[in-house]
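Below: the structure, in structure tokens.
The values are calculated or read from the model by the stated rules, or taken from the named source; none is laboratory data. Since this is a predicted model, take the numbers as computed values, not measurements. FYI the Cβ positions are ideal-geometry reconstructions off the backbone, even for glycines, and counts take in every protein chain you see.
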């Protein structure tokens, strides 16, 4: 929490927009702050292309691929700024500031402070920078468009990830913690869950699939009084030790709400084939071996097997009531699994 506060102080002192890294594993900056500019997704974000200087603060992956940003000075801050524990990092850094990130950010913010400036002058300067930023980059407007598009998806025939993200954002309690192991649906979900505070989001897919349930159990054990929600794809779900994890939920009284995004397959793997072999046999024949999960299991039954609540949902209008049922089960101390059926990946 303190490190986030120091990021806010430094960003406001500079009037500099803040982007989440390519796969941010935490809430690194308040998503409702006027300097928050979203996620640095592919292709390279326009703000990075226009930047004079980029500061990587404990960032594992600021953008992708690492070679995409050229001709701009980069500084890396962190206990191990070059991430020497990784087999390959690949990001260029002109300045390497090794040390505690919170202290480094605090010292940088302090160095920018004018000791002769009054509180009123500081507020006026901050407001002037806010107005300037909003005239150039109207993130609040883009955010409103994102939510409008998500709401419109609720009127369609099929459930979409954007609709789920919007509904989750509406129903989650203020103290909820989200653990994520969605892959293909991650972008819509993360952008729409903007009310989460620092310490209320954990990414479980870093380093491979199969970590979601274990991470969620660890979070719940650390915060037994807070509702913990795991968002996960059906492909990721197959990689997890479901029986053992659900057994732990029941035996150790660590209830979770599992929100399962079911598109009947491995969309990310299918997308890789399409991207790398656009003229290949799989694309031409529309047959992608090993990417389907069919016939569709009734995942909700798994929760019932461990004394929990399970519900299968196939219509957009039923998403919110189902999520509320799951949260009610959590309040009763039960494991809950909400099986949300999306459009199949291989249609």
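If the condition is being closer than 19 Å to residue 190 by Cβ and either in contact with a strand residue (DSSP E or B) (Cβ under 6 Å, 6 or more places away or on another chain) or modelled with pLDDT of 95 or more (or both), then region 202-230 contributes 202, 203, 204, 205, 212, 215, 216, 219, 227, 228, 229, 230.
State whether one or more residues within region 256-266 are without any contact (Cβ under 8 Å) to a residue 60 or more places away in the chain and assigned by TED's automatic domain parsing to the domain that holds residue 163.
Within region 256-266, the first condition is being without any contact (Cβ under 8 Å) to a residue 60 or more places away in the chain, and the residues that meet it are none.
No.
What is the residue count in region 50-78 for residues that are touching a residue at least 12 places away in the same chain (Cβ under 8 Å) and under 28 Å from residue 193 (Cβ atoms)? Let's see the steps before the verdict.
Just the residues of region 50-78 that are touching a residue at least 12 places away in the same chain (Cβ under 8 Å), to begin with: 51-69, 72-78.
Keeping just the survivors that are under 28 Å from residue 193 (Cβ atoms) gives 51, 54-66, 68-69, 76-78.
Matching residues across region 50-78 total 19.
Residues of region 331-341 that are under 24 Å from the mean Cα position of the chain (by Cα) and either within 15 Å of residue 304 (Cβ to Cβ) or surrounded by 22 or more Cβ atoms within 10 Å (Cβ to Cβ) (or both): 335, 336, 337, 338, 339, 340.
Looking at region 231-253, which of its residues are touching a strand residue (DSSP E or B) at 6+ places or on another chain (Cβ under 8 Å) and not in a helix (DSSP H, G or I)? Step through it out loud before you land on a result.
Kept after step one, since they are touching a strand residue (DSSP E or B) at 6+ places or on another chain (Cβ under 8 Å), are these residues of region 231-253: 231-237, 240.
Hits for region 231-253 are 231, 232, 233, 240.
Evaluated against (1) touching a helix residue (DSSP H, G or I) at 6+ places or on another chain (Cβ under 9 Å); (2) loosely packed, with under 12 Cβ neighbours inside 10 Å; (3) modelled with pLDDT under 80, residue 155 falls short on exactly one condition, (3).
Checked against (1) out of contact with any helix residue (DSSP H, G or I) (no Cβ under 8 Å at 6 or more places or on another chain); (2) surrounded by fewer than 21 Cβ atoms within 10 Å (Cβ to Cβ), residue 195 meets all criteria but (1). Scan region 52-80 for residues that are part of a loop (DSSP other than H, G, I, E, B), out of contact with any helix residue (DSSP H, G or I) (no Cβ under 9 Å at 6 or more places or on another chain) and closer than 19 Å to residue 29 by Cα and the total you get is 3. Would you point out the residue of region 263-287, among those that are assigned to a loop (DSSP other than H, G, I, E, B) and surrounded by 20 or more Cβ atoms within 10 Å (Cβ to Cβ), that is modelled with the lowest pLDDT? So the residue we want is 266.
Which residues, counting only those in region 193-230, are under 26 Å from residue 297 (Cα atoms) and part of a helix (DSSP H, G or I)? Spell out the reasoning first.
We begin by selecting, within region 193-230, every residue under 26 Å from residue 297 (Cα atoms); these are 203-205, 208-217, 228-230.
212, 213, 214, 215, 216, 217 - these are the residues of region 193-230 that are under 26 Å from residue 297 (Cα atoms) and part of a helix (DSSP H, G or I).
Scanning region 166-188 for residues that are in contact with a strand residue (DSSP E or B) (Cβ under 6 Å, 6 or more places away or on another chain), closer than 22 Å to residue 270 by Cα and free of Cβ contacts under 8 Å to residues at least 60 places away in the same chain returns 180, 181. Scanning region 48-81 for residues that are over 23 Å from the mean Cα position of the chain (by Cα) and within 14 Å of residue 21 (Cβ to Cβ) gives a single hit, 74.
Search region 88-99 for residues being more than 24 Å from the chain's Cα centre (by Cα) and not in a strand (DSSP E or B), and hand back the single one that is surrounded by the most Cβ atoms within 10 Å (Cβ to Cβ). Full working, then the answer.
Keep residues of region 88-99 that are more than 24 Å from the chain's Cα centre (by Cα), which gives 92-99.
Checking which are not in a strand (DSSP E or B) leaves us with 92-94, 99.
On the way: 92: 13, 93: 16, 94: 11, 99: 12.
Ranking the qualifying residues of region 88-99, first place goes to 93.
Quick grid of which residues meet (1) touching a helix residue (DSSP H, G or I) at 6+ places or on another chain (Cβ under 6 Å); (2) surrounded by 11 or more Cβ atoms within 10 Å (Cβ to Cβ); (3) in the same structural domain as residue 195 (by TED's automatic domain parsing); (4) part of a helix (DSSP H, G or I):
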position	(1), (2), (3), (4)
107	no, yes, no, yes
114	no, no, no, no
120	no, no, no, yes
125	no, yes, no, yes
128	no, yes, no, yes
147	no, yes, yes, yes
150	yes, yes, yes, yes
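Scanning region 288-308 for residues that are in contact (Cβ under 8 Å) with a residue 12 or more places away in the chain and part of a helix (DSSP H, G or I) returns 300, 302, 303, 305.
Of the residues making up region 175-192, those that are modelled with pLDDT of 90 or more and part of a loop (DSSP other than H, G, I, E, B) are 175, 176, 182. A single entry from 230, 217 fulfils the requirement of being in the same structural domain as residue 179 (by TED's automatic domain parsing), within 13 Å of residue 335 (Cα to Cα), without any contact (Cβ under 8 Å) to a residue 40 or more places away in the chain and surrounded by 14 or more Cβ atoms within 10 Å (Cβ to Cβ): 217.
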